[in-house]
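What follows is a single structure, written as structure tokens, with notes after it.
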Amino acid sequence: MFAFQNATENHCLIKKHCKDATNRHDWRQELIPASEFIISSELCISNLTIKNMYPPELTAPMKAQLVQAGFDSLENVAAVDSALNTNDTVLLVINSVCGCAAGSMRPGVLASLKHAKTPAKKVTVFAGVDGDAVAQARKYTLPYPPSSPSIAIFKNGTLVHFLERHHIEGRTAEMIADNLAMAYDEFC
């Protein structure tokens, strides 16, 4: 699978889905000559920019699952900055189409909201869909590397708790909800 970031008359900047030496899935960025890049038997087109990896009709139900539970969907840089630069506690969910997001992360996050203490604000961005917003949100989750799905808690604009993908994969929704509930008790 390829994700196009940008293209010029002479080169295409792509992200290529691959497996690293430990057999973990990863994305590798490559700059290749446009003349060598073929898509459906057509050469790379000058100034090609594809912002969304996934069609909206595929991701809409996954996004709606959180929005219907009271999450604000952040779709641009300004919205991310406004939501995370606050004196409130904020729960940020970096949503994803992957199976661990569907099977554990979203159900775990939703179950955690039944806890006595919860963050004052709930926001979400969608990896592969809200490109600029996700990139901005990931700046706030540094020093952690980009991770989808992931869950962050901010207090007074500072990251205080973070669950990366490897904390979500293989965990049940109940385990994720319990982890978040403990963080809510400490930070909310």
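Observations on the structure shown:
- Selected residue (criterion: surrounded by the fewest Cβ atoms within 10 Å (Cβ to Cβ)) from residues of the stretch 54-69 that are assigned to a helix (DSSP H, G or I) and of a type in the set (Gly, Ala, Ser): Ala64
- Checked against (1) in a helix (DSSP H, G or I); (2) within 19 Å of Pro61 (Cβ to Cβ); (3) β-branched (Val, Ile, Thr), Val97 meets all criteria but (1).
- Residue match in the stretch 130-143 (condition: assigned by TED's automatic domain parsing to the domain that holds Ala64, touching a helix residue (DSSP H, G or I) at 6+ places or on another chain (Cβ under 7 Å) and part of a loop (DSSP other than H, G, I, E, B)): no
- For first residues located in the stretch 155-174 and free of Cβ contacts under 8 Å to residues at least 60 places away in the same chain and under 15 Å from Gly108 (Cα atoms), partners that are hydroxyl-bearing (Ser, Thr, Tyr) and surrounded by fewer than 16 Cβ atoms within 10 Å (Cβ to Cβ) and lie 6+ apart or on another chain with Cβ distances below 7 Å form the pairs Phe162/Tyr144; Glu164/Tyr144.
- Any chance Lys117 is touching a Phe, Trp or Tyr at 6+ places or on another chain (Cβ under 6 Å), basic (Lys, Arg), in a loop (DSSP other than H, G, I, E, B) and under 21 Å from Asn179 (Cα atoms): yes
- Scan of the stretch 57-105 for residues that are more than 24 Å from His115 (Cα to Cα), modelled with pLDDT under 90 and in contact with a Lys or Arg (Cβ under 9 Å, 6 or more places away or on another chain), ordered by number: Cys98
- Among the candidates Ile168, Ile151, the residue that is under 23 Å from Thr59 (Cβ atoms), surrounded by 14 or more Cβ atoms within 10 Å (Cβ to Cβ) and touching a helix residue (DSSP H, G or I) at 6+ places or on another chain (Cβ under 6 Å) is uniquely Ile168.
- Just one of the numbered conditions (1) without any contact (Cβ under 8 Å) to a residue 60 or more places away in the chain; (2) buried (at least 17 other Cβ atoms within 10 Å of the Cβ); (3) assigned to a helix (DSSP H, G or I); (4) not hydrophobic (A, V, I, L, M, F, W, C) is not true of Ser82: (2).
- Test result for Leu91, among the aliphatic types (A, V, I, L, M), closer than 14 Å to Met175 by Cα, crowded, with 17+ Cβ neighbours inside 10 Å and in the same structural domain as Ser150 (by TED's automatic domain parsing): no
The values are calculated or read from the model by the stated rules, or taken from the named source; none is laboratory data. Since we're looking at a predicted model, the values are computed, not measured. Because the Cβ atoms are built from the backbone with ideal geometry, glycine has one as well, and the counts that use them run over all protein chains shown.
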